[in-house]
Amino acid sequence: MEYITRTLDNLVHQTAFLNLTWGNYLMICVALVFMYLAIAKDFEPLLLVPISFGMLLVNIYPDIIAAPSETASGGLLYYFFQLDEWAILPSLIFMGVGAMTDFGPLIASPSSFLMGAAAQFGIFAAYFGAIALGFNGKAAAAISIIGGADGPTSIFLCSKLGQTELLGPIAVAAYSYMSLVPIIQPPIMKLFTSEKDKKIKMSQLRPVSKLEKILFPIVVTIVVCMILPTTAPLVGMLMLGNLFRECGVVRQLTETASNAMMYIVVILLGTSVGATTSAEAFLNVTTLKIVALGLIAFSFGTFAGVMFGQIMKIATGGKVNPLIGSAGVSAVPMAARVSQKVGSEYDPSNFLLMHAMGPNVAGVIGTAVVAGVFMAVFGIV
């Protein structure tokens, strides 16, 4: 009888019910909300499903991301997370994005680079805000990059600047805001554009030749990486993926980079990022500051993009719809879709998607360049 009692007692004490804190239960509820948004509301399920499930796992079984010790091997997701810290997964994500994305709209309308650059002002707004809240320079830079709405770049810069203790909150904030683009951006876009602005129809983009599409990734790689060599892992992989797509002679590589490899990397990255959100690591004042700064950065980046779109509208005599400026944040192609959606609400026949893809792709390049600037400022090689 004593043996049975002891065995049952051991089993009870091994369950998660007796080992979890109120914080763990709170984070489990947050994970379930994220799952609901991903599955029921279709808010970027490719990102939110693995992130929310990683969040769920780590708050039920914290050791799943435990580091190895002399007496035990590390948890499964610890090894996934090492690929984040080593900047391997972010670089592979960029290759996949390049292989999936048509850079034609950006080539056809080089002025899109300006709107993509304008949207990066949110990053610098958050940088100075983080400094004001007491973060050191490197931590402020790592936090501010959330304003580019680019999860892989956020992880990459955080690792390069040695701010791995902040990597979890920064990555979750960046990917959360990427997923919530359809909620966060429209109110800002509508507030700073008139109904007449929203109904502006843009002329069809010029056709882009195959030669231009092949030369573009090569030229961008040479120019950007010569100026900021530290951007090579991101910009180089983005352009390599795009070269696979456009050269037309490596169809198998294009399909692998844009499909199988991309999805595998998203699974590894998403679950490992979600697993950094244990209650102990996530529920603190520093995390709240990071989440707030990320929202400010992303909102300000959207505002700056729309305002530059207004400048472009005036400069072109009303030929540019300022809504496409909001797509200058790096969330590809989500931000471009939002520009299309908001414009079509006011005129169902208005087709802005391809025009918005120019600033959207420019934003991806722009955020990587800003990350390179931060690394250069802090002497990271």
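Quick note: the coordinates plus some simple rules give every number you see, no bench work behind them. Bear in mind that the values here come from a model prediction, so they are computed numbers and not experimental data. Here the Cβ is made from the backbone with ideal geometry for all residues, glycine too, and neighbour counts use every protein chain on show.
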If you check Tyr127 against the conditions, is it of a type in the set (Phe, Trp, Tyr) and under 18 Å from Ser91 (Cα atoms)?
-> no
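A quick yes/no check of all residues on (1) within 28 Å of Pro90 (Cα to Cα); (2) surrounded by 20 or more Cβ atoms within 10 Å (Cβ to Cβ); (3) not small (Gly, Ala, Ser):
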| site | (1), (2), (3) |
| --- | --- |
| Leu191 | no, no, yes |
| Ser194 | no, no, no |
| Val223 | yes, no, yes |
| Ala232 | yes, no, no |
| Met237 | yes, yes, yes |
| Phe244 | yes, yes, yes |
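Among the residues in the stretch 262-278, are any of a type in the set (Val, Ile, Thr) and touching a His at 6+ places or on another chain (Cβ under 7 Å)? Talk me through it step by step, then tell me what you get.
Initial filter on the stretch 262-278 (of a type in the set (Val, Ile, Thr)): 264-267, 271, 273, 276-277.
Imposing the further condition that a residue be touching a His at 6+ places or on another chain (Cβ under 7 Å) reduces the set to none.
No, the stretch 262-278 contains no residue that is of a type in the set (Val, Ile, Thr) and touching a His at 6+ places or on another chain (Cβ under 7 Å).
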Is one or more of the residues making up the stretch 103-114 under 14 Å from the mean Cα position of the chain (by Cα) and either in a helix (DSSP H, G or I) or crowded, with 24+ Cβ neighbours inside 10 Å (or both)?
no
Counting only residues in the stretch 145-187 that are more than 17 Å from Leu47 (Cβ to Cβ) and free of Cβ contacts under 8 Å to residues at least 60 places away in the same chain, the one surrounded by the most Cβ atoms within 10 Å (Cβ to Cβ) is identified as Cys158
Gln120 vs (1) out of contact with any Gly (no Cβ under 9 Å at 6 or more places or on another chain); (2) buried (at least 24 other Cβ atoms within 10 Å of the Cβ): all pass except (1)
